[in-house]
Amino acid sequence: MKNIYKYIFTLTVLSLPFACTNLEEDLVGDITTDISAPGISTGGEGSSGGPLSAAYASLRDAGTANHGGYYSIQEIPTDEMAICAKGGDWFDGGILIELHQHTYTSVHDMVNGTWTQTYGAINTCNEAVANTSLDENQIAQARALRAYYYWRLMDLYGRVKLITTPGSDAPQVSRQEVFDFVESELLAVLGISEVSNSMDLSSSPLSTDPNTYQINQYGALGILSKVYLNSEVYTGTPRWGEAAMAAGYVIDSGVYQLCGEGCSVTNLGKRAAVDTDPDELTGYAAVFAPNNEGNSEHIFSVEYDEVSGGGMNFSQMNLHYSSQFTWNLNSQPWNGYATLEEFYNSYDDNDARKTANFIVGDQLDFGGSAVLDYASDDGNLVLSYNPSINELAPNSLREAGARPGKFSFKQFGRDNMDNDFPIVRLGELYLNRAEAMSRMAGDWNVGLDDVNVLRARAGVSDFSSIDADEFLAERGREMFQECSRRVDLIRFGRYNDSWWEKPADPSDHVNVFPIPNAQITAAGGTLTQNEGY
């Protein structure tokens, strides 16, 4: 790695691939070479490969952790975060406001883009399933990954085409039929006919090897737990028992451990002159760090690497332009996503997850000096993230809103980040089991033990009792920024509520997105629109 510092200070206009925004800044620093400095590590490299590398790489290509696709349409319509219009920046023809206020239509670019990205990923999986040179285990992994993608489509759009052969077409089917396909595929690769307390997975072609970049038996059960937890939404029939048993099997296996005390990684974002920056990231914060590969809590995760596995752009998406100088980032951030104040305030101040998940207050650079915003519109030159947001549009303040920082940033980070993104992790399965058991018993207190395990890890006191509203709030605190909130709000019947700058929905048809008009046109009559659009 070259020991070269090269800063270019210039007037620039950034053109982003998905956000047609004019982000004009007075001062920009582009760090254009790899850098090393005494006392700073920038982490390790990724190491996945093999005949399924294209199939697993499709997780990065399908919008899992970048702007404009799956992540955006899962997060922006919720009470977690928003992208506010800052004058001419981030208005983007109103499509981001439409997501936030649930007024999206069949011509929404991101709704169409997510459809296209997901079917592209499915076609890659179909090619792997049809590859006669792959062994039984590899075929099973490809089928499980394809089932996961169809879960995404079923959740987002409801009625879709079940295409299982490369380059082919198929009829549009009901949401129930997609559910049945996803369930049957996952059960088949697990070698069982149903999930039960006595299930025997010895005939499964999937392995038990805890390689987090591949779907093993535990990963398939984790996906099944998500599917069953939302079964009542998808089919009208609850499957709480199966959701609890699938999650419980993984928890009770002991193969994975919550990342708590003693589970830590080097803090790659540490600023040498800022005493409050810890040397190590411990517990919850370590689960999502830039060097989180191999974390004991990850069951199935997307491998991101700044060089060989790009596609995670949270540093660009979330941070103010001037925050480039806090982490010496290779490129200037875009100043987009911000957390809603009410969601931020739902955390106890002593909750370790609040510290890990959000960036607030005055910002300092590597040398401990204040970071300045020379185009400040709040009367203060010092860059300071304020949890309060003045308005959604047209003139949101540039520094408004706590910024999502759960997937934390490292010094000298590039546009693409190194943090692996968990699709299935142990913390979520504790919540899945708790909720499913509570719903099955008709008593939310049944899940208290599992909930309190996570609260203990977060350093906050145990609940002595809990109800549905508090459970949903606790799930939000744990699962922030993991593409879970929209699904959870719908399951709890809260997606159509009003919240900041969003009125109550006049109809629940928005619980599924419209079938994109471009797809209906291209399908020549083989796709029909969802009700209400």
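Any read-out appearing in this document is the output of simple, stated calculations on the displayed coordinates, not a laboratory observation. Since the structure is predicted, the reported quantities are computational estimates derived from the model, not experimental observations. Glycine gets a Cβ as well: all are built from the backbone with ideal geometry, and neighbour counts include every protein chain shown.
Set the bar at 25 Å for Cα to Cα. Now go through Lys270/Lys406; Lys354/Lys410; Lys86/Lys410; Lys226/Lys406 and name every pair that lies beyond it. Each step should come with its number before you reach the end.
Working: Lys270/Lys406 15 Å; Lys354/Lys410 19 Å; Lys86/Lys410 27 Å; Lys226/Lys406 22 Å.
Exceeds cut-off: Lys86/Lys410.
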Quick one: net charge of Met154's neighbours, Cβ under 13 Å, K/R +1, D/E -1?
-> +1
Considering the convex hull of the alpha carbon atoms of region 410-533, report its projected area averaged over all viewing directions, in nm², one decimal.
-> 12.4
Region 47-101 and region 193-247: distance between their alpha carbon centers, rounded to Å | 27
Run the quick spin-label model on Ala273 and Tyr533: label points 7 Å from Cα toward the beta carbon, then report their separation in nm to one decimal.
-> 5.2
If the chain between Met440 and Val307 were fully extended at 0.36 nm per residue, the gain over the current Cα-Cα distance would be 43.2 nm
When Lys and Arg each count +1 and Asp and Glu each count -1, what net charge do the other residues less than 12 Å away from Val173, Cβ to Cβ, add up to?
-> +1
In whole Å, how far is the Cα centre of region 113-136 from that of region 423-492?
-> 33
Mind checking the angle between helix 136-157 and the chain's longest principal axis? C-alpha axes, 0 to 90 degrees, to the nearest 10.
-> 70
Quick one: in region 65-180, what % of C-alpha pairs are over 24 Å apart?
-> 37
Sticking with the crude label model, points 7 Å out along Cα→Cβ, report the distance from Ala504 to Asp377 in nm, one decimal please.
-> 3.2
Qualifying GluC sites (Glu not before Pro) in region 52-105, DSSP loop, other Cβ atoms within 10 Å at most 12 = none
Taking every pair of alpha-carbon atoms in region 436-475, what share in percent sits in each 5 Å bin, from 0 to the bin with the longest distance?
-> 6, 26, 37, 22, 8, 2
So how tilted is helix 240-253 from the main axis of the chain? Cα-based, degrees 0 to 90, rounded to 10.
-> 70
Please work out the C-alpha center-to-center distance from region 285-320 to region 142-162 and express it in whole Å.
-> 24
Of the chymotrypsin sites (Phe, Trp or Tyr not before Pro) in region 349-427, those whose Cβ has at most 11 other Cβ within 10 Å and which sit in DSSP loop | Tyr374
Tilt relative to the chain, helix 109-129 - C-alpha long axis, 0 to 90 degrees, to 10 | 50
Kirkwood hydrodynamic radius over Cα pairs of region 367-481, then Stokes diffusion coefficient at 25 °C and 0.890 mPa s, in µm²/s = 139
Rounded to the nearest 500, what is the chain's calculated 222 nm mean residue ellipticity when only DSSP H runs of at least 4 contribute -39500 (n - 2.57) each, over all residues?
-> -10500 deg cm²/dmol
